[in-house]
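The values are calculated or read from the model by the stated rules, or taken from the named source; none is laboratory data. Model, not experiment: these values are computed from the prediction. All Cβ positions, glycine included, derive from the backbone under ideal geometry; neighbour counts span all protein chains shown.
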Amino acid sequence: MLANPSGESAMSACPSAVETSAPLAVLGSDVTVPLVTGGEVTYAALDYAASAPALRRVWDDVAAYAPYYGSVHRGAGYLSQLSTDLFENSRKDVAAFLGCREDDQVVFTRSTTDSLNLLAAALPTGTEVFVFETEHHASLLPWEQREDTRVTYLSAPRSPREAVETLEKALAGRDKGPALVCVTGASNVTGELWPVRELTAAAHARGARIVLDAAQLAPHHPVDVADADVDWVAFSGHKLYAPFGAGVLAGRADWLREARPYLAGGGASRKVARRDDGGVDVEWHTTAARHEAGSPNVIGVYAIASACKALSEAGFDGLVARERQLIAKVREGLAEVPEVRLLSLFGDDAPRVGVLSFVVEGWNSSHFAAALSAEYGIGVRDGLFCAHPLVRTLLGSEPGDQGECGAPEAAPGERSLNAIRVSFGAGTPDEHVERFVRAVKELVRDGAKWDYRTEDGRCVPVR
């Protein structure tokens with residue numbers, strides 16, 4: 001499940017006898033898109049790290065419930081009571097999926113970003129936060145919103161062991177008082193698994209707590225909060241095959257229970273009374289409701305619970321085994337193209353999920369991604385992936401403009417400014433990654449078949 005300092009994964013050593021799963025059914029699998037060169041092709045969605053398509057099971061569950069949708073909590077009507085039961089049972093399903101402890105709270109949010117901002121707002125006064133500069137911006141940026149919080153940014157490690165040693169050294173010199181470590185489970189740039197168990201042990205040994213950003217981990221590997229001993233975990237539904245605008249923050253209740261409500265309003269308050277001086281006294285909930293003011297996203301919450309059950313029932317062993325096969329196909333195919341350089345912190349042999357970023361010598365990354373889309377019907381992502389410090393570290397580049405579309409981003413021997421990311425998961429058929437590898441080889445060998453120009457900062461085909 002989570003990598004250790006040796007670079008091996010506690011879940012990656014699946015027995016070779018494990019049967020691989022067939023691709024799970026997802027929406028959009030039969031969508032066709034036009035090619036600039038003529039004709040149409042089935043769309044190859046290879047941008048799962050940004051947003052994964054909805055599982056067919058999730059869509060069907062949501063569609064079946066939709067006619068019964070009603071307001072949750074405090075409603076006397078049948079549909080309100082049914083919706084309340086569904087909402088709270090979804091909370092239990094998510095807790096089970098995450099292996100939460102009995103006294104943990106599961107708070108529903110809008111996204112991973114929202115979850116981590118909620119936790120940042122709930123930190124006790126004077127909390128020290130330690131975060132690697134390699135984090136996604138959702139994990140990197142929320143902590144400085146509080147003037148009473150001190151943030152230490154840790155430099156990019158080049159191995160899992162170095163990550164643990166870097167954290168241990170930083171924590172050794174910290175002041176007494178509350179402290180929090182924030183770390184990703186799997187990089188949204190390289191896909192590499194981080195040594196979460198060991199980082200957790202290092203944090204706890206020095207009196208710090210830890211929050212796991214599982215946005216990229218949870219769709220690919222099982223996450224067990226109690227077993228890994230993390231204090232909180234955050235993830236988004238839209239990366240877990242449930243793109244309906246909901247997220248999760250799950251973990252220890254004490255800091256959440258003692259913090260001011262994330263939003264003030266109905267649902268978060270138990271009792272509100274007028275005072276003689278004209279003000280109001282408020283008694284806030286101490287449960288997860290404390291941070292769920294307003295009408296919740298019942299559809300989004302139910303979609304997450306449905307996705308959790310679907311992945312659990314499919315079995316992660318088979319899903320992980322198949323994803324490894326897809327990763328091997330991509331890596332082996334790209335290794336045959338000398339102009340392609342895969343990006344990695346921990347080295348080529350590091351265990352990873354289905355997220356890989358690369359640069360192509362002599363190519364503008366936006367131009368390359370645009371050609372994959374327009375000429376092959378393949379959707380990838382280019383840029384810095386909301387992880388600017390990490391990508392610039394991997395590229396050895398400084399902030400700068402991408403340059404005009406079609407112009408080489410970096411001549412041979414020069415450094416690229418941006419990268420290309422391909423990502424896939426439980427719904428990806430073999431043909432999609434095979435087409436991707438073939439397209440990369442053809443573009444590098446033959447060049448683009450079409451002309452492209454820059455429009456609103458993006459590279460687009462000339463029409």
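Within the range 177-231, the set of residues being assigned to a strand (DSSP E or B) and among the acidic types (Asp, Glu) comprises Glu192, Asp213.
Of the residues making up the range 128-156, those that are closer than 17 Å to Leu199 by Cβ, touching a residue at least 60 places away in the same chain (Cβ under 8 Å) and not in a strand (DSSP E or B) are Glu133, Thr134, Glu135, His136, Ser139, Leu140, Ala156.
Please pick out the residue among Glu162, Glu147, Glu192 that is more than 19 Å from Trp232 (Cα to Cα), out of contact with any helix residue (DSSP H, G or I) (no Cβ under 6 Å at 6 or more places or on another chain) and surrounded by 18 or more Cβ atoms within 10 Å (Cβ to Cβ). One residue alone meets the criteria, Glu192. Within the range 195-210, restricting attention to residues that are aliphatic (A, V, I, L, M) and surrounded by fewer than 21 Cβ atoms within 10 Å (Cβ to Cβ), the residue that is nearest to His388 (Cα to Cα) is Ala201. Is it true that Leu171 is out of contact with any helix residue (DSSP H, G or I) (no Cβ under 8 Å at 6 or more places or on another chain), at pLDDT 95 or above and surrounded by fewer than 24 Cβ atoms within 10 Å (Cβ to Cβ)? No: the conditions fail for Leu171. Give the range 328-343 a look and list any residue that's among the hydrophobic types (A, V, I, L, M, F, W, C), part of a helix (DSSP H, G or I) and in contact with a helix residue (DSSP H, G or I) (Cβ under 9 Å, 6 or more places away or on another chain), or say none. Answer for the range 328-343, where residues must be among the hydrophobic types (A, V, I, L, M, F, W, C), part of a helix (DSSP H, G or I) and in contact with a helix residue (DSSP H, G or I) (Cβ under 9 Å, 6 or more places away or on another chain): Val330, Leu334.
Just so you know, in the range 305-321 the residues that are among the charged types (D, E, K, R) and touching an Asp or Glu at 6+ places or on another chain (Cβ under 9 Å) include one that is surrounded by the fewest Cβ atoms within 10 Å (Cβ to Cβ), and it is Asp317.
Do the conditions hold for Asp229, that is, is it outside the structural domain of Gly425 (by TED's automatic domain parsing) and closer than 26 Å to Gly427 by Cα? Can you show your working first?
Numbers: outside the structural domain of Gly425 (by TED's automatic domain parsing): yes; closer than 26 Å to Gly427 by Cα: no.
For Asp229, the condition - outside the structural domain of Gly425 (by TED's automatic domain parsing) and closer than 26 Å to Gly427 by Cα - is not met.
Applying the condition of being touching a strand residue (DSSP E or B) at 6+ places or on another chain (Cβ under 9 Å) and acidic (Asp, Glu) to the range 266-295 and asking which residue is surrounded by the most Cβ atoms within 10 Å (Cβ to Cβ) yields Glu292. Is there a residue being modelled with pLDDT under 95, assigned to a strand (DSSP E or B) and over 20 Å from Leu217 (Cα atoms) anywhere in the range 383-395? Scanning the range 383-395, I find at least one residue that is modelled with pLDDT under 95, assigned to a strand (DSSP E or B) and over 20 Å from Leu217 (Cα atoms), so the answer is yes. Every test in (1) part of a helix (DSSP H, G or I); (2) within 19 Å of Leu86 (Cα to Cα) is passed by Ala293 save one, and that test is (1).
Within the range 337-365, which residues are crowded, with 19+ Cβ neighbours inside 10 Å, at pLDDT 95 or above and not hydrophobic (A, V, I, L, M, F, W, C)? Within the range 337-365, Ser344, Pro351, Arg352, Gly354, Ser357 meet the criteria. Please state which of the following conditions Ser80 fails to meet, knowing it meets all the rest: (1) free of Cβ contacts under 8 Å to residues at least 60 places away in the same chain; (2) polar (S, T, N, Q); (3) not assigned by TED's automatic domain parsing to the domain that holds Ala293. Result: Ser80 passes all but (3). Tell me which residues, restricted to the range 33-65, are small (Gly, Ala, Ser) and over 17 Å from the mean Cα position of the chain (by Cα). Of everything in the range 33-65, those that are small (Gly, Ala, Ser) and over 17 Å from the mean Cα position of the chain (by Cα) turn out to be Gly38, Gly39, Ala44, Ala63, Ala64.
Could you check, for the range 107-116, whether at least one of its residues is of a type in the set (S, T, N, Q), under 17 Å from the mean Cα position of the chain (by Cα), assigned by TED's automatic domain parsing to the domain that holds His221 and surrounded by fewer than 22 Cβ atoms within 10 Å (Cβ to Cβ)? Scanning the range 107-116 turns up at least one residue that is of a type in the set (S, T, N, Q), under 17 Å from the mean Cα position of the chain (by Cα), assigned by TED's automatic domain parsing to the domain that holds His221 and surrounded by fewer than 22 Cβ atoms within 10 Å (Cβ to Cβ). Just to verify a result, which residue in the range 119-138, among those that are within 20 Å of Ala268 (Cβ to Cβ) and surrounded by fewer than 24 Cβ atoms within 10 Å (Cβ to Cβ), is farthest from the chain's Cα centre (by Cα)? Here the residue is Pro124.
Within the set Ala242, Ala253, the sole residue that is within 30 Å of Ala45 (Cβ to Cβ) and of a type in the set (A, V, I, L, M, F, W, C) turns out to be Ala242.
Consider the range 57-81 and keep the residues that are at pLDDT below 95 and hydrophobic (A, V, I, L, M, F, W, C). The one that is surrounded by the fewest Cβ atoms within 10 Å (Cβ to Cβ) is Ala76.
Select from the range 29-56 the residues that are surrounded by 14 or more Cβ atoms within 10 Å (Cβ to Cβ) and part of a strand (DSSP E or B) and list them in ascending order.
Start the filter on the range 29-56 by keeping residues that are surrounded by 14 or more Cβ atoms within 10 Å (Cβ to Cβ), which leaves 29, 33, 35-36, 41-56.
Those that are surrounded by 14 or more Cβ atoms within 10 Å (Cβ to Cβ) and part of a strand (DSSP E or B): Val33, Val41, Thr42, Ala44, Ala45, Asp47, Leu55.
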